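The values are calculated or read from the model by the stated rules, or taken from the named source; none is laboratory data. All of these numbers come straight from a predicted model, not from anything done at the bench. Virtual Cβ from ideal backbone geometry, glycine too; neighbours counted across all protein chains shown.
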Amino acid sequence: MVCGGFACSRNALCALNVVYVLVGLLLIGVAAWGKGFGIVSSLHIIGGVIAVGFFLLLIAIVGLIGAINHHQVMLFFYMIILGLVFIFQFGISCSCLAIKRSKQESLLSGGWRLVKENTKKSIESNLNCCGLFNKSESAETFKSDVESCPAACKKTRCLSCGEVMMEHAGEALKILGGVGLFFSFTEILGVWLAMRYRNQKDPRANPSAFL
């Protein structure tokens with residue numbers, strides 16, 4: 001049978017969703033590992049990563065069931081959801097690749113103001129730094145951050161956390177954008193496979209039955 005046949009489309013769609021299942025489980029596992037080893041103490045961050053992993057896992061399971069059973073309704077909703085995820089992820093990935101340093105600093109400053117104190121203390125302790133960007137903070141705010149900073153460098157001289165994070169922020173954003181861009185194209189591949197598979201006739205079905 002040629003690769004464009006019914007069985008090939010079903011197997012390709014199943015294989016793609018198995019990859020999504022593994023990625024979803026990996027996200028959940030990494031979040032649990034980070035929490036267990038105390039790398040990130042914020043339940044909001046852990047919960048967000050687990051929610052993304054669970055959502056991806058749910059989409060993949062719907063796609064797997066729809067592919068195995070050739071279920072028209074499940075495949076239709078799978079296509080719609082995966083298409084929306086593709087649009088969102090493609091936009092985010094392109095933004096990560098195009099973002100400038102000044103914008104990175106602005107985003108870090110905004111995020112630093114929003115996170116809770118225990119998350120800030122966890123970041124300062126793990127990165128061995130105090131405060132965010134000294135130049136963008138008032139003297140009183142920076143002094144307060146240094147006084148409450150749990151980092152070991154406090155006994156000598158601490159770099160600001162913004163300086164430490166910005167050293168690798170550009171590289172991290174490029175990697176994140178590249179990986180996101182790659183997976184966004186696998187999602188559009190999944191939409192195309194599901195659309196094609198829905199319109200194919202199951203050779204084992206009754207010839208007079210609906211697709």
In segment 44-82, which residue that is modelled with pLDDT of 85 or more and among the β-branched types (Val, Ile, Thr) is nearest to the chain's Cα centre (by Cα)? 59
Counting just the residues of segment 82-104 that are β-branched (Val, Ile, Thr) and surrounded by 16 or more Cβ atoms within 10 Å (Cβ to Cβ), which one comes out farthest from residue 176 (Cα to Cα)? 85
Is it true that residue 60 is assigned to a helix (DSSP H, G or I) and within 23 Å of residue 12 (Cβ to Cβ)? yes
